[in-house]
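Colleague: What follows is a single structure, and I will ask about it in a moment.
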Amino acid sequence: MIDLQLLQHLETFLTEHRLERFKTVISQRTKHFTVATEDVYQLHNTSAVMRTCDVFGLQELNIVEEANSKSIDREIAMGAQKWVDLNRYQSVKDCIKDLKAKGYQIVATTPHTDDCDLYDFDVTKKSCFFFGRETEGLSDEVLKQADSFLKIPMVGFTESLNISVSAAIILQHATSKLKKTAIDWQLTETEILEKRLDWCKKTIKSYDEIAERFYNKQT
């Protein structure tokens, strides 16, 4: 349950510019789409994908770390780690199970016999785009449980793109197309309040002291 009085109090410590920025950004946030990376071992790739999620308004990023566990590179993420929610999983099975429980279809971003061209992708379905390891690609487990296979049209000699580049292309197209539909893709009112409070906590350096003084006055 969000403490609205605390939230309103905290927001008095933010500048008008920051408050307007929060309002503008959060209005474009979505959980209709999310991304999952599977055992990506190049740290800058995961960090860059997080930055891409922030840029295109995805509120959550899911990271599977069965073999590789690393921290987000703050320099490459460019602060995105403050604004994007990170869900970590130690197994791809747990990740897929959780995502499906949340209503997501699993979309494997890889050429496949039954693949779908990016421009024909049905954006009305709640989807998680899975990206695999730099050289090996997605695991057999993801391919087995995938509900859909998605590819980016390519006409050159190169047959693959960097993970962060692929994510950027797919998310830019999917989110732009989504916003032209009648789908209710934005965060719920409760989710918006939760993010406002979360972002205040991450922005105000003396948050703990301010919150403590606030609650002391209430007693």
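The values are calculated or read from the model by the stated rules, or taken from the named source; none is laboratory data. Predicted model only: the values in this text are computed from it and were never measured. Cβ sites come from the backbone with ideal geometry, for glycine too, and all protein chains shown count toward neighbours. Heads up: the accessible areas ignore ligands, DNA and RNA and are worked out on the full protein's heavy atoms, side chains in. Shrake-Rupley method; radii C 1.70, N 1.55, O 1.52, S 1.80 Å.
Colleague: In nm, to one decimal, how far is the PHE214 label point from the ILE2 one, both placed 7 Å along Cα→Cβ?
Modeller: In this crude label model, PHE214 to ILE2 measures out at 1.2 nm.
Colleague: Could you name the lysines whose alpha carbon sits less than 24 Å from that of LYS217, not counting residues in the same chain fewer than 8 places away?
Modeller: Straight-line reach from LYS217, under 24 Å: LYS201, LYS202, LYS205.
Colleague: Would you grab the residues whose amide H sits under 5 Å from the one on THR110? Only those 5+ places off in sequence or on another chain, please, with H modelled 1.01 Å from N.
Modeller: Sorted by chain and number, the residues that satisfy this are LEU150.
Colleague: Multiplying the sequence separation of ASP94 and ARG21 by 0.36 nm and subtracting their Cα-Cα distance, what value in nm do you get?
Modeller: Values: separation 73, 0.36 × 73 = 26.28 nm, distance 3.52 nm.
Computed gain between ASP94 and ARG21 is 22.8 nm.
Colleague: Another one. Within segment 175-219, what whole-number % of the accessible surface is contributed by carbon and sulfur, with the 1.4 Å probe and all protein chains included in the calculation?
Modeller: That fraction is 48 percent.
Colleague: Oh, and also: Give the calculated FRET efficiency between VAL165 and GLU66 to the nearest 0.05, with a Förster radius of 22 Å applied to their Cβ-Cβ distance. Let's see the in-between values first.
Modeller: Working: r = 24 Å, r/R0 = 1.08.
Here the calculated transfer efficiency is 0.40.
Colleague: Still on this structure, please answer the following. If I compute Rg and Dmax of the Cα atoms in Å from the structure I just sent, which labelled value in (i) 17.1, 54; (ii) 18.9, 69; (iii) 17.2, 50 lines up?
Modeller: (ii)
Colleague: Could you tell me which of VAL25, LEU171, ALA80 has its Cα farthest along the dipole of the chain towards the positive end, charges placed at Cβ (Lys, Arg +1; Asp, Glu -1), taken about the Cα centre?
Modeller: Of the options given, the answer is VAL25.
Colleague: Enumerate the calculated ³J(HN,Hα) couplings along segment 31-37 in order (Karplus 6.51 cos²θ - 1.76 cosθ + 1.60, θ = phi - 60°), each rounded to whole Hz, writing x wherever the residue is Gly or Pro.
Modeller: So the Karplus estimates, Gly and Pro as x, are 10, 5, 10, 8, 10, 10, 10 Hz.
Colleague: As an exercise, identify the GluC sites (Glu not before Pro) in segment 128-219 lying in DSSP coil whose Cβ has no more than 10 other Cβ atoms within 10 Å. Walk me through the intermediate numbers first.
Modeller: Numbers: sites: GLU134, GLU136, GLU141, GLU159, GLU189, GLU191, GLU194, GLU209, GLU212; in loops: GLU134, GLU136, GLU159.
Loop-located and lightly packed - GLU136, GLU159.
Colleague: Turning to a different aspect of this structure: Pulled fully out, how much extra length does the chain show between THR158 and PHE13, if you take 0.36 nm times their separation in residues and subtract their Cα-Cα distance?
Modeller: Numbers: separation 145, 0.36 × 145 = 52.20 nm, distance 5.10 nm.
Residue separation times 0.36 nm, minus the Cα-Cα distance, leaves 47.1 nm.
Colleague: Using Cα-only point scatterers and the Debye equation, what is log10 of I(q)/I(0) for segment 162-219 at each q in 0.18, 0.19, 0.22 Å⁻¹, rounded to two decimals?
Modeller: Cα-only, vacuum Debye calculation for segment 162-219: -0.82, -0.85, -0.94.
Colleague: Tally the DSSP beta bridges in the chain and give the antiparallel ones as a percent, rounded to 5. Mind showing how you got there, number by number?
Modeller: Working: 2 of 27 bridges.
For the chain, the DSSP antiparallel bridge percentage is about 5.
Colleague: Moving to a separate point now. Quote to one decimal, in nm, the extra length available between THR190 and TYR119 on full extension: 0.36 nm per residue of separation minus the C-alpha distance between them. Numbers along the way, then the final one.
Modeller: Values: separation 71, 0.36 × 71 = 25.56 nm, distance 3.28 nm.
Full-extension gain reported as 22.3 nm.
Colleague: Could you give the dipole magnitude of the chain about its Cα centre, charging the beta-carbon of Lys and Arg +1 and that of Asp and Glu -1, in debye to the nearest 20?
Modeller: Numbers: 29 positive and 34 negative charges, 150 e Å.
Dipole magnitude for the chain comes out near 720 debye.
Colleague: Tabulate in residue order the Karplus-calculated ³J(HN,Hα) for segment 116-127, using 6.51 cos²θ - 1.76 cosθ + 1.60 with θ = phi - 60°, rounded to whole Hz; enter x for Gly and Pro.
Modeller: So the Karplus estimates, Gly and Pro as x, are 10, 5, 3, 6, 9, 5, 7, 7, 6, 8, 5, 9 Hz.
Colleague: What is the pair-distance distribution P(r) of segment 103-219, computed from all Cα-Cα distances in 10 Å bins starting at 0, with each bin given as a whole percent?
Modeller: Taking every Cα pair in segment 103-219, the percentages come to 11, 31, 24, 16, 12, 5, 1.
Colleague: Cross-link candidates for LYS23: which aspartates and glutamates have Cα within less than 12 Å, leaving aside residues fewer than 8 places away along the same chain?
Modeller: Straight-line reach from LYS23, under 12 Å: GLU11.
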